[in-house]
Every structure is written in structure tokens, then in C-alpha cells.
Amino acid sequence: MEKITKADLRQPDLFVESASQSWVFVEKHFKVIMSLLVLAVLASAIYIAKNFIDERSEKHAINDLYPIETEVLKIKDGFEKAKRGAVDTPEDEATKALRPEMKKATGDLQTDYGASLGRLETFATSHQDNVAGAEASLIAAGIYSDYQKADRAV
């Protein structure tokens, strides 16, 4: 172990020297540092606002899709249950209203689904940027595929 001399004690230590140099740098480049800090805060605020708006629009799109999706899937479930021959015996009128009507599919898309499939397709094209639009297009594509309309499904 080395002995510390009086000359060593008179010199500033490493911490004080580096702090002094850092402070001189900050004073010299204060405007640039503050500009970068303000820019970073603004960029963060814009990013957070954009995410908030995107999330809100996605929630609205999902809420708008729900009634259309429910109607189409209720019709589709009724066709599938009629195909299997499943018999539902609901206990009361409230549960009967929620269950799909069992009828066989005619094979004609317009007769079977009517305007509900058109609304689903319109929703899918108007909400292409949202996950809800993709979900609507997948449901419509599945129905078109069931009716051997591959060009419409694509």
C-alpha cells in the first residue's frame, strides 16, 4: 500500500474533477441539451396521444362490429344446428330469443343472410385499419368460402 503524500492531497480528487468538467460541458451546451430534452418530452407526448387515439378508435370499431357480428353468427349457427339436426328446448322465452333460429340453408347467399352479410362486408372495408375490420373480413370470407365463392372470399 502506498503512502499518500501532501502533494497528492492538494490535487483535486477524481470525483470533484469529473463533476467540474461535466458542469462546464453542461453550461457550454445548455441550449442544445434543453432542446433535446424538450424534443424528447414532446415526442413522448405525441406517441402517447397517438396510441390513446388508436386504442379508442379500435374500441369504437369493436363496439360497432358487435351487433353485426352477432346477427351474422346467429344465422350461421342456426344453419349449422339445422344441418346437424340438433334440437334445442329452451326453458323460457328469454333464452329462446337468444338462440339461433334453426332452418336449413337454401344455398343462396342473399336468401340465407340477406343484408346482414352486406353490412358485415361494408364494415370490413370501412375499418381496414382496425383489428375489428380484419375480424369482420375473416367472418365474411368464411361464409363466402362455405358457399363456394372463393373469389369473393379473397
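Over the alpha-carbon set of segment 1-92, divide Rg by the Kirkwood Rh and report the Rg/Rh ratio to two decimals. Here the Rg-to-Rh quotient is 1.64. Peptide packing: for 113-124, 39-50, the average count of neighbouring Cβ atoms within 10 Å per residue gives the ranking 113-124, 39-50, highest mean first. Bin all alpha-carbon pair distances of the chain at 10 Å intervals from 0 and give each bin's fraction as a whole percent. Reading upward from the zero bin: 9, 21, 17, 12, 8, 8, 7, 8, 6, 4, 0. Distance between the 7 Å Cα→Cβ label points at M34 and R56: 3.3 nm.
Legend: distances between Cα atoms for K59/K149; K59/K81; K83/K149; pairs beyond 23 Å are K59/K149; K59/K81. Per-residue ellipticity at 222 nm from helix content only, as computed over the chain with -39500 (n - 2.57) for each DSSP H run of at least four residues, stands at -25000 deg cm²/dmol.
For the chain, the longest principal axis of the C-alpha atoms and the axis of helix 14-28 are separated by about 70°.
Where a number appears in this text, it was derived from the coordinates with a stated rule and is not lab data. This structure is a prediction, so every number in the text was calculated from the model and none was measured. Because the Cβ atoms are built from the backbone with ideal geometry, glycine has one as well, and the counts that use them run over all protein chains shown.
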